[in-house]
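Working notes, beginning with the structure itself.
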Amino acid sequence: MRLRRWIAAGAAAAATLAALTVTPATAGRPYDPTAQSLRDLAKRHGLYLGTAVDTAALADAADPRYRELAGSEFSTVTAENEMKWESLEPTRGTYNWAPADQLVAFATAHHQRVRGHVLVWHNQLPAWLTAGVADGSIGTTELRQILRDHITAVVTHFKGRIWQWDVVNEAVSDPWDTPATLHYKGFWAEHLGPGYVADAFRWARAADPKALLFYNDYNIEAFGSGNPANDKTQFVYEMARDLRAQGVPIDGIGSQGHLGTQYGNFDTFGVSEALKKFAGLGLATAFTEVDVRSQLTEGVRAGDSAEINPRLQASAANFSVLMRACLSSPHCLSFTLWGFTDKHSWVPGWFTDPPEGVATVYDENYRPKLAYQELKADLIYSGPPFVLPRVPQQPRR
Ligand code: G3I
């Protein structure tokens, strides 16, 4: 009797599960998950799968595959450069919205969300601003007002069209900087002091009450010593905790995820723990700029498979660590690649000595690499009880 009940219950459970997992077979063909796009596979989890977009490549009629893949494989986009201050306001008081607007229009046409990048950063500032501060013609009070005006103008312009804003980017030093003790670094901290971080979030919230407001940084994938003097993740954690305690409207932490196969790197559990600790503060998380670069040794450049294959495999493993960690935390809302093809990637232009590259999931001819397949596999072969649907984040007042 008991056995029969078990069998019946098992059959009912199997039927329910089957009903839940039934997916439409097109024209009589069975559903093949490996043929789905990254964005569709991520959707099963409520996860947004994104890419940074090089708008010159997007507009290049001779390179249609870039546009096709940007539109079909991803459910969120980030402007790689066009929402940065030097692009938006190259001349004081004159905004150039068109390139960023075009990307937002592309996103709308492809049913994509937009990550806004970036409101406050020490890089890619317009020359009129840095030169004005350097020659003393822009003083501290005016600089603070300029920052406030910039945040207000930009957030207002894109109001209602940005899902997540990177409000403050890379405000914290690294242990390899001088001095080695972690501190607030760069142009804004030097000229306004660390209080600019809280100000920036408040000004952004005032301009768009609905956008999610993120702090974004690299080298915060996992905790280290736990000492904020040398553990950047701990430093950022305490910063976020203090901002929350002061009622600053911060909604999330963006972990960039720029990895390299030449480093020791992380295991999934360590990265998962970091995401969950941030979630414990009531914050959403996101991977915002994922890529995994490798050194382009002579052998790699000569096409030596004994040199290339270990790098492709290590790259796939690292993408996968970040993806599985993201899946493990229901508050990890999006996973954004910093470019999707080696044809258009910031890495070779940036790391030249020694040369590095092959950092993305498609090669220069748009052939998907092992990393692409493994990201798909992670999205396919995951679900309850350890991978649960994403929990939407409500913007904090
Ligand atoms: O647009 C000019 C072009 O007119 C000129 O001919 C060319 C010659 O150098 O430069 C072009 O500008 C370059 C720009 O990218 C657009 O391609 C800049 O030199 C170059 O410095 C700039 O690099 C960007 C970098 O940020 C600058 O800080 C990368 O594309 C962009 O991927 C990178 O993105 C950052 C994130 O915003 C924050 N996190 C780190 C990440 C990687 O560094």
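I need a count of the residues in the range 106-126 that are more than 20 Å from the chain's Cα centre (by Cα) and farther than 22 Å from Asn216 by Cα. Quick ask: steps written out before the conclusion?
From the range 106-126, those more than 20 Å from the chain's Cα centre (by Cα) are 109, 125-126; that's our starting set.
Subset that is farther than 22 Å from Asn216 by Cα: 109.
Residues that pass the stated criteria total 1.
Looking at the range 109-116, can you tell me whether even one residue there is assigned to a helix (DSSP H, G or I), free of Cβ contacts under 8 Å to residues at least 12 places away in the same chain and on the phi < 0 side of the Ramachandran plot?
Our first condition is that a residue be assigned to a helix (DSSP H, G or I); within the range 109-116, this holds for 109.
With free of Cβ contacts under 8 Å to residues at least 12 places away in the same chain added as a condition, the list becomes none.
Within the range 109-116 (the criterion being assigned to a helix (DSSP H, G or I), free of Cβ contacts under 8 Å to residues at least 12 places away in the same chain and on the phi < 0 side of the Ramachandran plot), the answer is no, since none of the residues qualifies.
Could you grab me the full set of residues in the range 60-76 that are away from the ligand (no atom under 16 Å from the Cβ) and more than 15 Å from the chain's Cα centre (by Cα)?
Residues satisfying the conditions are Ala61, Ala62, Pro64, Arg65, Arg67, Glu68, Leu69, Gly71, Ser72, Glu73.
Inspect all residues belonging to the range 271-285 and state whether any of them is at pLDDT 95 or above, open to solvent by less than 50 Å² (accessible area, probe 1.4 Å) and within 16 Å of the ligand (Cβ to nearest atom). Give the steps one after another, and end with the answer.
Taking the range 271-285 as the starting set, the residues that turn out to be at pLDDT 95 or above are 271-285.
Pick out the ones that are also open to solvent by less than 50 Å² (accessible area, probe 1.4 Å) and you get 271-272, 274-275, 278-279, 281-285.
Subsequent filtering for residues that are within 16 Å of the ligand (Cβ to nearest atom) retains none.
The answer is no; no qualifying residue exists.
For residues in the range 82-119 being polar (S, T, N, Q) and open to solvent by less than 60 Å² (accessible area, probe 1.4 Å), which is nearest to the ligand (Cβ to nearest atom)?
Filtering the range 82-119 for residues polar (S, T, N, Q) gives 87, 91, 94, 96, 102, 108, 112.
After this cut, where a residue has to be open to solvent by less than 60 Å² (accessible area, probe 1.4 Å) as well, the list is 87, 112.
Values: Ser87: 8, Gln112: 19 Å.
For the range 82-119, the residue satisfying everything is Ser87.
Condition check: open to solvent by less than 50 Å² (accessible area, probe 1.4 Å), within 16 Å of the ligand (Cβ to nearest atom), assigned to a loop (DSSP other than H, G, I, E, B) and at pLDDT 95 or above. Does Leu125 satisfy that? Quick ask: steps written out before the conclusion?
Values: open to solvent by less than 50 Å² (accessible area, probe 1.4 Å): yes; within 16 Å of the ligand (Cβ to nearest atom): yes; assigned to a loop (DSSP other than H, G, I, E, B): yes; at pLDDT 95 or above: yes.
Taking the combined requirement at face value, the residue satisfies it.
What tally of residues in the range 197-220 results from selecting those that are within 17 Å of Lys185 (Cβ to Cβ), in contact (Cβ under 8 Å) with a residue 60 or more places away in the chain and open to solvent by 10 Å² or more (accessible area, probe 1.4 Å)?
1
Could you say which residue among Phe235, Phe223 is within 25 Å of Arg115 (Cβ to Cβ), crowded, with 20+ Cβ neighbours inside 10 Å and not polar (S, T, N, Q)? Talk me through it step by step, then tell me what you get.
Details: Phe223 fails: crowded, with 20+ Cβ neighbours inside 10 Å.
After applying the criteria, what remains is Phe235.
So, restricting to helices (runs of 4 or more DSSP H) that lie completely within the range 152-248, which ones have at least 1 residues that are more than 16 Å from the ligand (Cβ to nearest atom) and more than 19 Å from Phe278 (Cβ to Cβ)? Step through it out loud before you land on a result.
Working: elements: 186-192, 196-207, 232-245.
Filter on the range 152-248 gives 186-192, 196-207.
For the range 140-166, what are the residues that are out of contact with any Gly (no Cβ under 8 Å at 6 or more places or on another chain) and of a type in the set (D, E, K, R)?
Once the filter is applied, which keeps residues that are out of contact with any Gly (no Cβ under 8 Å at 6 or more places or on another chain) and of a type in the set (D, E, K, R), the range 140-166 yields Glu142, Arg144, Arg148, Asp149, Lys159, Arg161.
Kindly indicate the residue of the range 155-196 that is in contact with a helix residue (DSSP H, G or I) (Cβ under 8 Å, 6 or more places away or on another chain) and among the acidic types (Asp, Glu) and also nearest to Ala211 (Cα to Cα) among those meeting that condition.
Top of the filtered list is Glu170.
Is it fair to say Ile146 is open to solvent by 10 Å² or more (accessible area, probe 1.4 Å) and either in contact with a helix residue (DSSP H, G or I) (Cβ under 6 Å, 6 or more places away or on another chain) or within 16 Å of the ligand (Cβ to nearest atom) (or both)?
Details: open to solvent by 10 Å² or more (accessible area, probe 1.4 Å): yes; either in contact with a helix residue (DSSP H, G or I) (Cβ under 6 Å, 6 or more places away or on another chain) or within 16 Å of the ligand (Cβ to nearest atom) (or both): no.
When the stated conditions are applied, Ile146 does not pass them.
Provide a single number: the residues in the range 58-74 that are within 21 Å of Gly257 (Cβ to Cβ) and open to solvent by less than 10 Å² (accessible area, probe 1.4 Å).
Applying the first criterion (within 21 Å of Gly257 (Cβ to Cβ)) to the range 58-74 yields 69-70, 73-74.
Now restrict to residues that are open to solvent by less than 10 Å² (accessible area, probe 1.4 Å): 69-70, 74.
The total comes to 3.
Could you say which residue among Ala57, Ala79 is within 12 Å of the ligand (Cβ to nearest atom), of a type in the set (A, V, I, L, M) and either within 25 Å of Ala211 (Cα to Cα) or at pLDDT below 95 (or both)?
On the way: Ala57 fails: either within 25 Å of Ala211 (Cα to Cα) or at pLDDT below 95 (or both).
Sole residue among the options that is within 12 Å of the ligand (Cβ to nearest atom), of a type in the set (A, V, I, L, M) and either within 25 Å of Ala211 (Cα to Cα) or at pLDDT below 95 (or both): Ala79.
The values are calculated or read from the model by the stated rules, or taken from the named source; none is laboratory data. Note that the structure is a prediction, hence the values are computed from the model and not measured. Virtual Cβ from ideal backbone geometry, glycine too; neighbours counted across all protein chains shown. For the accessible areas, the whole protein counts, side chains as well, though only heavy atoms, and no ligand, DNA or RNA atoms are used. Shrake-Rupley method; radii C 1.70, N 1.55, O 1.52, S 1.80 Å.
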